[in-house]
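Structure record follows, encoded as structure tokens.
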Amino acid sequence: MGNLSQLFYGGFAEVPWAVDKESFSLAASWTTNITWTSQKSRLGNLLVLEFRGILSGTSDTGNLSFTLPDSLSVDTSYWQYQQSILGWGSIRDNNTGAKYPIVWTYEGTGGTLIQAKMLTMTGSYETYTNVTNTAPITFTTSDVITGCIQVPIRYWDVSRKLSPRGSTFRGALVYESSADQTITTATDTQLTFDAEVYDTSGFHSTVTNTGRLTIPNGVSKVRLQAAVYCSNGVATGRRILNIYKNGSATGFVGTSRSEIAPNATIAFRLQTTSPILEVQEGDYFEANFYQDSGSSMNVTYSTSETWFSIEVIE
């Protein structure tokens, strides 16, 4: 290892699959007044962790550290040089704008404990001291801590894959469990959903913006489907089911729409499927229903035939 900005590992087996990033909860020693955002992925026998913490007040006391997720433990047999250093990061002082480089090290505790260390030069030697609530700064609101580490994992064979592409489904299927939704005539209305059959990656909330499926970090292509059922059909007007992106049914390639014009007073169903869409973090989708029968109409949820889904392609 030539310097602190480089990591060197040797002897890792080549693994012939790509790995998607997954969000996870960082089990950090600092939990008060700090919000952690973290992702994990796999590269051969390496667990790759990327994370950021943003302070909203005074931090916890004591050294900053965290434990590895998923009961995984460090395999030290692969290390050749500076074997305790797993990765790097920084601390940004919001008050002064100053940035401090740090390293993340394995402390030899149970195979799982990772600690943040300040690095300094004493002559031609590198020295490390613990990051605490008062060093290198007194942490407070809007200070930021980052890290990116690569951890060789003990006994990590094919049976302990971390979401290799194609082996782990990601997506959500949501529906309304409590009541029909009234659709006023000539009014484009967002359908809402208060229940989930599954939601693998936090696409949906049953509390806030319940009509949305929102794209998390690490997702670039998706396919969506929506279905609607009305039991009190009317013989006039149109029925239209649209999938909206970021609040609009137009303005993007791949719009999806299903439409009928009933000629009898019967129940009806509509379903629409999008093509594979390119997306980025923060994009959101909604299922919107429009009818212009001249009177209000209920979207029926008691049969579970009204639903909204998303499938991650990559």
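Nothing in this text is a laboratory measurement; each read-out follows from the coordinates by a stated rule. Fair warning: this is a prediction, and the values are worked out from it, not measured in the lab. Backbone-built Cβ (ideal geometry, glycine too); neighbour counts: all protein chains shown.
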Legend entry - the stretch 22-160 - charge dipole about Cα centre, Lys and Arg +1 at Cβ, Asp and Glu -1, debye rounded to 20: 120
Legend entry - Under 13 Å from Lys40, Cα to Cα: aspartates and glutamates that are on another chain or at least 8 residues apart: Asp20, Glu22, Glu50, Asp70
Inset, instruction - For Lys99, go through the lysines and keep the ones whose alpha-carbon is under 24 Å away, minus same-chain ones fewer than eight residues off. - result: Lys117
Inset, instruction - Arrange the following residues from fewest to most other Cβ atoms within 10 Å of their Cβ: Thr182, Thr236, Thr146. - result: Thr182, Thr236, Thr146
Legend entry - Per-residue Cβ neighbour rank within 10 angstrom, fewest leading, Tyr106, Tyr125: Tyr125, Tyr106
Legend entry - Fewest-first ranking of Ile310, Ile183, using other Cβ atoms within 10 Å as the exposure measure: Ile183, Ile310
Inset, instruction - For the stretch 171-312, list log₁₀ I(q)/I(0) at each q in 0.16 Å⁻¹, using the Debye formula over Cα point scatterers of equal strength and ignoring solvent, two decimals each. - result: -0.78
Legend entry - Candidate aspartates and glutamates for bridging to Lys245, where Cα separation is under 14 Å - those fewer than 8 sequence places away on the same chain excluded: Glu278, Glu281, Asp283, Glu286
